[in-house]
Amino acid sequence: MSIIVVGSSAFDDIKTPKGSRKKIIGGSCIYFSIAASFKSKTHIVSVVGKDFPKNIFKTLNKKCVSTDGLKIENGKTFSWGGTYDTFSEDPETKFTHLNVFEKFSPDIPASYPQKNAILFLANIDPTLQNQVLSLYPNPRIVGLDTMNFWINSKRKELSKILKRIDILTINELELKLLGRKDSLHDSLKVLIEELQIKFVIVKRGSAGSMLATKKASHWIPGYPFCDVVDPTGAGDSYAGALFSYLDNKKNINEQTMLDAMIYASSLSSFTIENFGIDRLLILKKSDIRKRENELKKIARI
Ligand code: AMP
């Protein structure tokens with residue numbers, strides 16, 4: 001049982017109402033893999049520049065995250081800057097420097113499982129997401145996340161990959177942008193009926209998350225008692241937790257998805273309690289379990 005994740009590895013500059021940080025470690029597959037490490041073995045496919053600290057590889061390896069597919073290339077690591085004016089809105093992107101991602105050619109190292117792993121295409125250029133799926137023709141499940149940057153700049157490539165996935169995790173604003181409809185309902189219809197995505201999970205920040213399928217929709221609350229410092233990485237760690245939960249289940253149906261969402265909400269509520277990956281790195285399984293039990297009571301599941 002294992003997961004392969006392709007996504008960004010980054011330096012982030014972040015400003016929130018609680019403070020600011022420059023050049024801290026971030027990126028979709030970094031958050032994803034650390035969050036997934038509590039339940040699964042995760043294998044990263046990504047790239048960094050020579051400026052990326054070597055100790056992060058060791059930190060990831062200690063958490064049983066494989067980094068054979070995390071290439072180091074000449075040049076600078078991808079970097080992103082974002083500002084949150086309030087915690088209830090998406091960040092304003094100040095800059096996105098693709099750097100080494102501009103020429104990145106992904107591959108699946110021989111040391112990674114060659115079939116039947118869950119494949120998660122984290123937030124990254126949809127062209128790379130398509131390439132990785134072609135390199136890995138027999139995944140157990142395919143999940144995908146994306147963001148406004150790619151929806152606006154690479155819609156064609158994104159539409160192509162969306163037809164090939166099972167589970168989409170996306171936030172509410174991005175869902176409307178993607179579905180090109182004003183209402184959540186109509187946007188979901190586009191994804192579920194036209195693109196035939198089996199499970200769509202809509203992340204709604206502190207308002208929880210929603211599961212939509214052809215037959216039904218459900219809502220899971222967010223953990224209400226956390227002290228938000230930096231929302232960055234909440235979505236990626238939610239996805240890491242969700243897919244690690246599914247990785248341990250034989251059958252995936254609506255109930256398993258809802259249980260996985262409770263676990264994902266609980267785990268990702270820790271990510272946002274400090275800047276970057278700091279809180280995730282000291283998180284214990286017992287902390288997650290405690291919030292998971294609290295959230296189950298709140299959600300009455
Ligand atoms: P989220 O979980 O949605 O808050 O994702 C935050 C992470 O996404 C940050 O650590 C950024 O480095 C990364 N990120 C921001 N913009 C992009 C982009 N256009 N492509 C890939 N990763 C990005």
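Here, each number is a calculation from the coordinates, and none is a lab measurement. What you are looking at is a predicted structure, and each value in this text was computed from that prediction instead of being measured. Virtual Cβ from ideal backbone geometry, glycine too; neighbours counted across all protein chains shown.
With equal scatterers on the alpha carbons only and no solvent term, can you work out the Debye log10 of I(q)/I(0) for the stretch 144-192 at 0.28 1/Å? Each listed q maps to, in turn, -1.22.
With a threshold of 32 Å on the Cα-Cα distance, the over-threshold entries among K22/K62; K63/K249; K176/K285; K22/K198; K54/K160; K54/K176 are K176/K285; K22/K198; K54/K160; K54/K176. Entry note, the chain: relative contact order of 17 percent, from Cα contacts under 8 Å with a spacing of 6+ residues. Any idea what % of Cα-Cα pairs in the chain are farther than 31 Å? Summing the P(r) tail past 31 Å for the chain gives 20 percent.
For the stretch 148-231, the extents of the C-alpha atoms along the principal axes are 39, 31, 23 Å, listed from largest to smallest. The distance between label points at T256 and N116 comes to 1.4 nm (points 7 Å beyond Cα on the Cα→Cβ vector). Annotation: aspartates and glutamates with alpha-carbon distance below 13 angstrom to K58 (same-chain offsets under eight excluded): D68. The distance between label points at L173 and T213 comes to 3.1 nm (points 7 Å beyond Cα on the Cα→Cβ vector).
Taking the radius of gyration and the Kirkwood hydrodynamic radius from Cα positions alone, what is the Rg/Rh ratio for the stretch 201-301, to two decimal places? Walk me through the numbers on the way to the answer.
Working: Rg = 12.9 Å, Rh = 13.6 Å.
Ratio value, two decimals: 0.95.
Sorted into 10 angstrom bins from 0, the C-alpha pair distances of the stretch 5-47 split as 28, 42, 25, 5 percent. At 7 Å along the Cα-to-beta-carbon direction for both E194 and A299, put a label point, then send me their distance in nm to one decimal. Output for this residue pair reads 3.0 nm. Placing a label point 7 Å from the Cα of K290 along the Cα-to-Cβ direction, the residues of the stretch 221-235 with a backbone N closer than 14 Å are 225-227. The mean sequence distance of close C-alpha pairs (under 8 Å, at least 6 residues apart), as a share of the length of the stretch 112-202, puts its relative contact order at 25 percent. Think of the stretch 61-118 as a dipole: +1 on every Lys or Arg Cβ, -1 on every Asp or Glu Cβ, centred on the Cα centre; then among F101, T86, C64, C64 lies furthest on the positive end. Partner aspartates and glutamates whose Cα lies under 14 Å from the Cα of K76, excluding those fewer than 8 positions away in the same chain, are identified as D12, D51, E102.
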